[in-house]
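Okay, so here's the structure we're looking at.
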Amino acid sequence: MNKISFVFKNKIRTIDFNNSEFSPTSTLLEFIRAQQNTKGTKEGCNEGDCGACTVVVVEKSGNELKYRAVNSCVMFLPSIHGKQVLTIEDIGSSDNLHPIQQIFIDQHASQCGFCTPGFIMSLFAQKADNPNSSKDELIEAITGNLCRCTGYRPIVDSAVDISKLNDLKLFHNYANPELIDSIPVNDIVSLKTAKNEYYIPFNIEDAIKLRKEHKDAVITSGGTDLVLVVTKRKEHLPKIIDVSLLVDTQQIIETKDEIIFGAGVKIEDIYQFSKTKLPAMAEMLSLFGAKQIRNRATIGGNVGTASPIGDILPVLYAYNADIIIKGDTERKVNINDYIIGYRKTLLGENELIKAVSIQKPAPNRITKAYKISKRVNLDISTVSAGFSMELEKNIIKDIVLNYGGMAERPKRASETENFLNGKEWTEQVVTEAMKIVEKEFTPLTDARSSKEARIIMAKNLLLKFYLETK
Ligand SMILES: Cc1cc2nc3c(=O)[nH]c(=O)nc-3n(C[C@H](O)[C@H](O)[C@H](O)COP(=O)(O)OP(=O)(O)OC[C@H]3O[C@@H](n4cnc5c(N)ncnc54)[C@H](O)[C@@H]3O)c2cc1C
Ligand code: FES
Ligand code: FES
């Protein structure tokens, strides 16, 4: 198949890129803005930071429908294959406002109105996905939406009123599951134009086959890193393999001893799952981007970037996770061995990340995660950390202190760990350990922080760990 299809304006929309104004690396936002009568979706930052371009993606999850607010500016158009897109025009018009829109007017929550469709779509998705959403959940749903003129008080007041809307038809009348089901998602989609090749496999075996045939291709999953290479760095990516639609990497599997996150599982789903099962992971993910980013970004993408400021990595060190890698065979690589340098990993050229596995921590193991950034949401870490240890009669055992933002990769403070193991967990010992942390790292000075401030943060995070666990 060399075309993509999706549900748009309640009809199947098919794009043949050989006969189209769009290329496979056009964004969903570019497509939406080019249509007549869908100009309500706005372009603000074009990099996932303002929410003006928020639309709702409806997808099938078994027999259930899943509604996700996403930033249409950080999605390659082909990645919408097999799904439905709802824009602001689908849910209301000026002579037939959706109740969420009416509440915004009644609460004076819109002035210039540029940001308003994005807010409405974020709130709509939250209610459609979870009709019993509380006021706090609705507020969390709009942390990725910025408004320059209204001030947030009336918007928050609107969220309170929206939490009281309880007629399900207001949210569930817009999806068209029959049309979604009618789009084939079995055989590899191969989009070939004069300038681009874009492949969408639907199972891991096909993905590995493509990986071997096209060693020069770049991999994308949620696209929240890779799309910016095209839209911001203006690089041409001639060959892409999109693994976001692989059916066999979308599951969270829990056994008695282990939790396995498929590489394609969205950060938002890991966040929700982790709240009760892996609290340190949930703590970190509560600060990851904003909901629209978490609804697209995947754990495979975060591990795949091996970024020194990737927020999940320090937590994976603290949980001593394994990365499950698939090529001709399957292998398990411990996180401590997986990253070997600046954005360099042990992943072979014929291999993909299939999953991340975490052994359930022993009951006496304490795990914590921290992120320091200039603002709470939608910000890159200045320094992050994943710490864990066992305490036996207040004696430290098997401590892991991993820092992000302090070196060319997420790095353990090994000397500090060696100093602490076997010692008593006291403020005096921790104060001594903080001096070793200082010697172990030579971080960079950059736009986010000076190296001196980074060292102070790293030391103080260890103190915070002590104060929270003593
Ligand atoms: C506005 C905004 C806010 C952000 N906030 C945060 C944040 O708070 N914390 C944070 O850590 N990151 C943040 N990011 C970065 C990004 O969201 C994450 O790194 C995310 O996890 C990437 O996942 P993805 O699925 O979107 O990856 P993609 O962009 O699709 O892929 C990234 C890379 O991962 C590799 N890859 C993906 N899947 C696989 C696979 N299965 N096998 C092998 N390689 C693979 C590829 O090399 C690819 O180039 C933010 C990004 C944006 C735009
Ligand atoms: S335009 Fe700002 S998030 Fe997409
Ligand atoms: S009403 Fe103007 S940006 Fe929000």
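Quick note: the coordinates plus some simple rules give every number you see, no bench work behind them. All of these numbers come straight from a predicted model, not from anything done at the bench. Counting neighbours? That spans all protein chains shown, and the Cβs are built from the backbone with ideal geometry, glycine included.
Distance from the Cα centroid of the stretch 264-342 to that of the stretch 237-253 is 15 Å (rounded to whole angstrom). Only aspartates and glutamates eight or more places from residue 164 in sequence, or on another chain, were considered; those with a Cα closer than 16 Å are 106, 129, 136, 137. Placing R0 at 45 angstrom, the Cβ-Cβ distance between residue 332 and residue 111 gives a FRET efficiency of 0.25 after rounding to 0.05. Rounded to the nearest whole Hz, the Karplus-based 3J(HN,Hα) values (6.51 cos²θ - 1.76 cosθ + 1.60, θ = phi - 60°) of the stretch 276-282 follow the sequence 9, 9, 9, x, 5, 4, 4, with x at glycine and proline.
Please work out the FRET efficiency for the pair residue 435 and residue 12, using the Cβ-Cβ distance as r and a Förster radius of 45 Å; give the result to the nearest 0.05. Calculated value: 0.10.
Each Cα pair under 8 Å and six or more residues apart adds its separation to the average, and for the stretch 4-178 the resulting relative contact order is 24 percent.
Derived value for the chain: Kirkwood hydrodynamic radius 23.4 Å. Basis is the mean of 1/r over every pair of different alpha-carbon atoms. For the chain, what relative contact order do you get, as a whole percent, if you take Cα pairs closer than 8 Å and at least 6 residues apart? Over the chain, the number comes to 11 percent. Whole-Hz Karplus values for the stretch 345-358 come out as 9, 7, 4, x, 5, 9, 10, 10, 7, 9, 6, 10, 10, 10 Hz, taken residue by residue from phi with 6.51 cos²θ - 1.76 cosθ + 1.60 and θ = phi - 60°; glycine and proline positions read x.
Of the residues 69, 80, 100, the one whose Cα sits farthest towards the positive end of the charge dipole of the stretch 58-112 is 80 (charges of +1 on Lys and Arg Cβ, -1 on Asp and Glu Cβ, taken about the Cα centre).
Grab the Cα-Cα distance for residue 235 and residue 451, subtract it from 0.36 nm times how many residues apart they are, and report the gain in nm with one decimal.
Details: separation 216, 0.36 × 216 = 77.76 nm, distance 3.07 nm.
Separation in residues times 0.36 nm, less the Cα-Cα distance, equals 74.7 nm.
Placing one identical point scatterer on every Cα of the stretch 4-178 and ignoring solvent, what is log10 I(q)/I(0) from the Debye formula at q = 0.09 Å⁻¹? Reported log10 I(q)/I(0), two decimals: -0.29. So how far, in whole Å, is the C-alpha centre of the stretch 139-153 from the one of the stretch 400-464? Cα centroid of the stretch 139-153 versus Cα centroid of the stretch 400-464: 35 Å apart.
Protection proxy ranking for 162-168, 44-50, using the average of other Cβ atoms within 10 Å per residue and placing the highest first: 44-50, 162-168.
Residue ranges 63-75, 270-282 sort as 63-75, 270-282 when ordered by packing (mean number of other C-beta atoms within 10 Å per residue, highest first).
In order along the stretch 365-377, phi translates into HN-Hα couplings of 8, 9, 10, 9, 9, 9, 9, 10, 9, 5, 10, 5, 9 Hz, rounded to whole numbers, per the Karplus curve 6.51 cos²θ - 1.76 cosθ + 1.60 with θ = phi - 60° and x for Gly and Pro.
Averaged over residues, the count of other Cβ atoms within 10 Å places the peptides 442-453, 310-321 in the sequence 310-321, 442-453, highest first. This model, with +1 at the C-beta of Lys and Arg and -1 at the C-beta of Asp and Glu, gives the stretch 366-470 a dipole about its Cα centre of some 340 debye. Residue pairs exceeding 23 angstrom between C-alpha atoms, taken from 209/326; 39/60; 42/374: 39/60; 42/374. Computed from Cα atoms, the angle from the helix 451-469 axis to the main principal axis of the chain rounds to 80 degrees. The count of lysine pairs in the stretch 379-462 with alpha-carbon distances below 25 Å, taking only pairs 8 or more places apart or on different chains, stands at 21.
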